[in-house]
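Peer 1: Let me begin by handing over the structure; questions about it come next.
Read the figures in this text as sums done on the coordinates, not as results from a lab. Given the structure is predicted, the values throughout are model-derived calculations rather than measurements. Here Cβ is always computed from backbone atoms with ideal geometry, including for glycine, and neighbour counts include all displayed protein chains.
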Amino acid sequence: MYSYLFQLEILRRLRDHKVSVECMDAMRCLFECCSPLQFDGTAISVLVDMVIMSIKNSIDDNQFNRCYKLIKLLKIVADAYPHCFVNAPTLESLVKLIELESFSEIEGLLNLVITISTELKQNELLAKDMVAEYVKHCERISLDGTPRAAKYAVRCISKLLKTEQAQAKLENIFQNSLLHLSTSDPQCCTALKALSSCVEVDAMQFCNELFEILKTKIMDLLLDQCSNEETFNQQNCMMNSADNRTEQISDGEVCDENYVEIKVD
């Protein structure tokens, strides 16, 4: 009875989230390998390994949409059974997934880590080293990842660490992100998203500081824009003057944009 209800629940979640046939097959394989009564950390570890293998194959085949669906599958299971993810093999596999080259669903994976963060905190002794590993990657992503990934990286740090530790890490991210607030910096958008996320998770610590900094930065940008426009207008004016300037031609012809006189011998 419990086996039947368990399968119905998982399949219902899969159906509601419109997960692909490949993901459904992965779940069926999981059911075949272990009964619902054994749906624990070992089963999740098997599932995560299968997902990683499928993701690697999808990347090799340039089928990046499948990566999204596979991470969505893990997120569905994590929503229902977050405690099953708190074991060394599973946590290590998730780190390998973060480190995987050409993996385009970092934000989805970080969202999954946020989902299991409460369980990780409750098992601090077991997960301490892995939490440090996740935080290290989140710090990197907050600075050189996509803007959306940076947002989840900041949230992830705030969820994984205790308040004092999180504040210290976010302060470093905040200060480092400020260095990239320039229109010429390719990571400017990522920096802005990281800064706004710091304010989102700890408004008391960062809101006033960011407000003052942004006021200064915006004024600098406006002044730069005005300066650039003034320079452009001056150059344009000089070019127009040069175009309109009368040129004396050797055979006696005088040419002007508005008037032409030809001297006749």
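Peer 1: Restricting to DSSP loop positions (anything but H, G, I, E, B) with no more than 12 other Cβ atoms inside 10 Å of their own Cβ, which GluC sites (Glu not before Pro) remain in the range 73-162?
Peer 2: Answer by residue number: 101.
Peer 1: What are the ³J(HN,Hα) values, in whole Hz, obtained from phi via the Karplus relation 6.51 cos²θ - 1.76 cosθ + 1.60 with θ = phi - 60°, for each residue of the range 187-201 in sequence order, with x given for Gly and Pro?
Peer 2: 9, 4, 5, 4, 4, 4, 5, 5, 5, 5, 6, 4, 5, 4, 8
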